[in-house]
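Taking it in order: structure first as structure tokens, then the write-up.
Values quoted throughout were computed directly from the atomic coordinates according to the rules given, and no laboratory measurement underlies them. If you're wondering where the values come from, they're calculated on a predicted model, not measured in any experiment. Using ideal geometry, Cβ is built from the backbone for each residue, glycine included, and neighbour counts are taken over all protein chains shown.
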Amino acid sequence: MDDIGANLAAVRSRIAAAAEATGRNAVTLVAVSKTNPVERVHAALSAGQRVFGENRVQEALGKFPDLRREFPDLVLHLIGPLQTNKVREAVAHFDVIETVDRPRLAEALAREMEKTGRRLSCFIEVNTGEEPQKAGILPDAADAFIADCRDRLGLPIVGLMCIPPGGEEPSLHFALLREIARRNGLDGLSMGMSADYDIAIRFGATHVRVGTAIFGARRPVPAVAAEG
Ligand SMILES: *Cc1c(COP(=O)(O)O)cnc(C)c1O
């Protein structure tokens, strides 16, 4: 598992180089550990990584509670679609929600945060490529949705997140996300994955979500029989 430490070091130095080229240095590396077993997450923690991203609530619940006991300063981001019936578990077990993408979810999150007193930083996901199968608020609707989340619901919105369409030039999407954030006075930009995180940093990313460059190629998700 030494590869994880070496990969992390390589990713961190590429992040540092890109951040230095832009004159900014506050870039958070979110290590995307989805599909990786707990031992591999542990290896990343041992190598000093503390911020992780998971895309499924159930999978994260199976891996992170034990790791948190050993590493209380661990920070867990939800980076996948969130169903309203999982909001309670998500608010209880994550620290940051990156995928606020529709009014019903925003309302459910606001209610649960009010009820529990746990205020999680939130990013609003924007569907910059306007892909019908993809989650995220459409760019034209983003300003009104951001205002609604902040002003009516009082959600702690810290920034925007996007997943550019595969096969397209990502920088157009990074620039669009940066512009929507700028005109709404938001500082956080979660954009860039293994293939393009240094480009994203040049376009102002404050958070990059990197999986395969750290953990290697993902194994296929195991069949249902392996559950439990
Ligand atoms: C899986 C995933 C990533 C990481 O992708 P890599 O190409 O493995 O770095 C980033 N963001 C989201 C939303 C993901 O689902």
Under 21 Å Cα to Cα from Lys115, which lysines show up? Leave out anything in the same chain fewer than 8 places away. Lys86
Counting only complete DSSP H runs, which helices of the chain cover 24 Å or more along their long axis at the Cα atoms and score a mean Kyte-Doolittle of 1.0 or above? none
The answer for Leu189, listing residues at least 5 apart or on another chain whose modeled amide H is closer than 5 Å to its amide H, is Leu160, Thr206, His207
How long are the three semi-axes of the equivalent ellipsoid of segment 48-153, in whole Å, if each is the root of 5 times an eigenvalue of the C-alpha gyration tensor, listed from largest down? 25, 16, 12
Segment 32-108, Rg to Rh (Cα coordinates; Rh as Kirkwood inverse mean 1/r): 0.98
Determine the gain in length on full extension of the stretch Arg111-Asp66; use 0.36 nm per residue of separation and subtract their C-alpha separation, reporting nm with one decimal. 13.5 nm
Projected area averaged over orientations for the chain, convex hull of C-alpha atoms, nm²: 12.6 nm²
Check: the chain dipole with +1 on Lys, Arg Cβ and -1 on Asp, Glu Cβ, in debye: 400 debye
